[in-house]
Amino acid sequence: MVKLAESEPQSKAPLSKSHTLYVRILTAFIALILITVLPIIIYGYNIDSNIMLSMADNLIHRVTESAIEETTNHLIPSSRVVEFSAKIAEVGALPLTYNHRLEEYIVEVLKFFPHTSMFYLGDQQGNYLMAQRLGDGTIATYVVNRKTSPPTAIWKYRNASFRVIKTIRSTKVKYDPRHRPWYEGAQKSGSLYWTDMYIFYHGGKAGITAAYPVTGPNGKFFGVFGMDLDLDEISHFLKNLKIGKSGVAFIFNQTNEIVAYPDLSRLVKEKDGKLRPVHIKELGVASISAAFRKCQEQRKNRCVFETGGIKYIASFQDFPKSFQARWKVGVVVPENDFIGAAKNEMQISLLICLFILIISIALAILISRGISKPIRLLTKETNNIKNFDLDEKISIKSYIREIQLMTNAIAAMKSGLQAFRRYVPAELVRQLISTGEEARLGGQKRELTVFFSDISGFTTIAEGIAPEELMLHLSEYFDELTQILSEQKGTVDKYIGDGIMAFWGAPVPDEDHAFHACNAALNCQERLKDLNRKWISAGKAPLDTRFGISTGETVVGNVGSSERINYTVMGDNVNLASRLEGVNKLYGTHIIVSRPTYAAVSDKFWFRPLDIVAVKGRSEGTVIYELMMRRAGKDEVRIADLCAGFARGFEAYLSRDWAGAIKIFQDLSTKFPDDVPTNIYLSRCQQYLANPPEADWRGIAYLESK
């Protein structure tokens, strides 16, 4: 602070420990930015990481449940066939002694279960009947008959039509089913029995055997039905599971042998000329070995560990107790697959903050100079006053009110030697405001594309078909269309009578949701042409389907009760899509889309403006478009000519140029005599030419029904 000279000498403050106002302002400005921004960055990184890790846990849980469900669906139905065969044999519906009927039954079972390698029956006398799937897809049967002397064995080989083409007989019989683990296990348990995993003798694949004991007519134990179940399909399923960028799922048994793994080449190991399953520690994958060891050490089903400089998340989950075998599902995924985005976000935030800091320093320099320069000049003037140098006129300009008041005061002092007060300029403080996203109960708003379909004249069709036939017919229709919607990344919401409601963009984000919805509608239309030809030839009624598509802001989320919820969409965009589907019947069209949908994909498909309508439930008019076909498709020149001509006619129609519009639509009607919208507009324009509408007419058609 600067003191003016008084009548008595005053002590001076040491200058060595003081700083200029310029330095203090600049330091404070930078410190405030760092103190404000850095905690926000660190806090945001921690929050993002926690969210990502929570998502990782949810994904791992879903993957584990999917693996358990797929394994159960793969193995249980086949094992039930073994039990079913034993039961029907016990009641006499299936012969227990070898004959052609029993052999054909075993062959048929093997035909209908492609993931099974063998199906067989062994009895207490050592007789054995087996059907085996060969490498080329054909089936061979093997019969051991110990009732003859000596015992005989017969091989029968079948062609692709399952007819016997070769038979080999032998009296050298070594195989005895009574001493096999599957036979002994089923006999001892008295119920469904699964063997431990082993390597099949034929084919070298890993699998298990499901066996069930058979009781003879006398109520005594007769033998065992068995089925070899191939586990390769489970490995194929795990290979297709998406777990982050590089995560892996696998299944192992109670002896820690690998049951299923995405890489089939790692599942079998040869030792002393024999094949055996691979132990989890022998798999040759460092992350899996480290995960298994770490979770065993911690005695936990979930652990986080580091190996090779990479941090991983591991999870080991038991199969449910209802499952026949004591298996576990393991999931190992790099942590960076989930929080890598948060790290990248923090790095980007740091770069942004550095840029802001540089800009802020430059601004702080300018502001500090703007403040300190006039103060230095004021200091000089006070020294002049101290030295009674009062002749020089003060010329200090500043936009800071306090400095200007001080300048005025000093000027007044110099002119009148009056008392004055000195003002210390205040600091200018700025803070960064952080923003957050508010959680919305029940759902969130997203831009989605919503799709509705409906069968034209379905009530009439239903009245002429028996209920059973109708359900089968409609089920085939739903199955075909649903498959197309799924292939195009759509989420089927529900079936409404004979209609389908679907949407794109949730739960998985889809930047091209409008494109996929339009493409799905065209694919459905093309598939229905083939289906209708097939149905007509089979004497069934063809189904003519209409579609409505709308893109816009939509509420998506879970709705329902405490006992049951439904992931669905709602809002004005959903209502509009539903209304557009119904509008088709007024114009004889099949696919109508809203203006936002058209705007999003107009460069990928051929559209024509259909009308400006105010559908029921909406007061304002909106332009609707008919989706005609894909660009660069078959018959494109003809459709492009129709769309271009119709657009010109529609523009003339809106401009009240009835005569010009009539001329255009008449030309189009000649080229496209069956085009319903063209004939509708031709009729409209002729009516308006004869009886023009009111002056405030804007071309809006108000629709009172769906």
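The values are calculated or read from the model by the stated rules, or taken from the named source; none is laboratory data. The model shown is predicted, which means the values in this text are computed figures rather than measured ones. A quick note on method: Cβ atoms are made from the backbone with ideal geometry, for glycine too, and the neighbour counts reach across all protein chains shown. Areas reflect the complete protein model, heavy atoms only, side chains present, ligands, DNA and RNA absent. Shrake-Rupley method; radii C 1.70, N 1.55, O 1.52, S 1.80 Å.
Points to keep in mind about this one:
- Flag for SER170 being small (Gly, Ala, Ser) and within 45 Å of the chain's Cα centre (by Cα): no
- Here the range 600-629 is the region considered, the condition is being open to solvent by less than 40 Å² (accessible area, probe 1.4 Å) and assigned to a loop (DSSP other than H, G, I, E, B), and the residue that is modelled with the lowest pLDDT is VAL615.
- Some residue of the range 541-550 being more than 30 Å from ASP603 (Cα to Cα), in contact with a strand residue (DSSP E or B) (Cβ under 8 Å, 6 or more places away or on another chain) and not hydrophobic (A, V, I, L, M, F, W, C): no
- Filtered by the rule that a residue be small (Gly, Ala, Ser) and either in a helix (DSSP H, G or I) or within 13 Å of TYR312 (Cα to Cα) (or both), the range 270-293 gives ALA286, SER287, SER289, ALA290, ALA291.
- Screening the range 130-151 for residues that are touching a Ser or Thr at 6+ places or on another chain (Cβ under 6 Å) and surrounded by 13 or more Cβ atoms within 10 Å (Cβ to Cβ) and picking the one that is farthest from PHE119 (Cα to Cα) gives ASN145.
- Residues of the range 470-516 classified as touching a Cys at 6+ places or on another chain (Cβ under 6 Å) and under 16 Å from ASP544 (Cα atoms), total: 1
- Residues (open to solvent by 20 Å² or more (accessible area, probe 1.4 Å) and either among the aliphatic types (A, V, I, L, M) or under 24 Å from LYS321 (Cα atoms) (or both)) located in the range 231-260: ASP232, GLU233, PHE237, LEU241, VAL248, GLN254, THR255, ASN256, GLU257
- Filter pass, ILE484 being surrounded by 22 or more Cβ atoms within 10 Å (Cβ to Cβ) and either in contact (Cβ under 8 Å) with a residue 40 or more places away in the chain or touching a helix residue (DSSP H, G or I) at 6+ places or on another chain (Cβ under 8 Å) (or both): no
- The residues of the range 108-127 that are modelled with pLDDT under 90 and surrounded by fewer than 19 Cβ atoms within 10 Å (Cβ to Cβ), listed by number, are GLU108, LYS111, PHE112, PHE113, PRO114, HIS115.
- Looking only at the range 652-680, and only at residues there that are small (Gly, Ala, Ser) and either at pLDDT below 90 or in a helix (DSSP H, G or I) (or both), the one that is farthest from ASP641 (Cα to Cα): ALA659
- Cβ pairs under 6 Å, 6+ apart, first in the range 536-556 and closer than 14 Å to GLU476 by Cα and in a loop (DSSP other than H, G, I, E, B), second modelled with pLDDT of 90 or more and open to solvent by 50 Å² or more (accessible area, probe 1.4 Å): PRO542/ILE536
- Unmet criterion (only one of (1) in contact with a helix residue (DSSP H, G or I) (Cβ under 6 Å, 6 or more places away or on another chain); (2) at pLDDT 90 or above; (3) of a type in the set (Val, Ile, Thr)) for VAL492: (2)
- Residue satisfying all of: in the range 82-104; in a helix (DSSP H, G or I) and in contact with a Phe, Trp or Tyr (Cβ under 7 Å, 6 or more places away or on another chain); most open to solvent (accessible area, probe 1.4 Å) among these: GLU83
- Count of the range 670-685 residues which are over 17 Å from GLU651 (Cβ atoms) and crowded, with 16+ Cβ neighbours inside 10 Å: 3
- Condition met for ASN73 (under 21 Å from the mean Cα position of the chain (by Cα) and modelled with pLDDT of 70 or more): no
- Verdict on GLY582 being of a type outside the set (Asp, Glu), over 27 Å from PRO509 (Cα atoms) and either outside any helix (DSSP H, G or I) or out of contact with any His (no Cβ under 7 Å at 6 or more places or on another chain) (or both): yes
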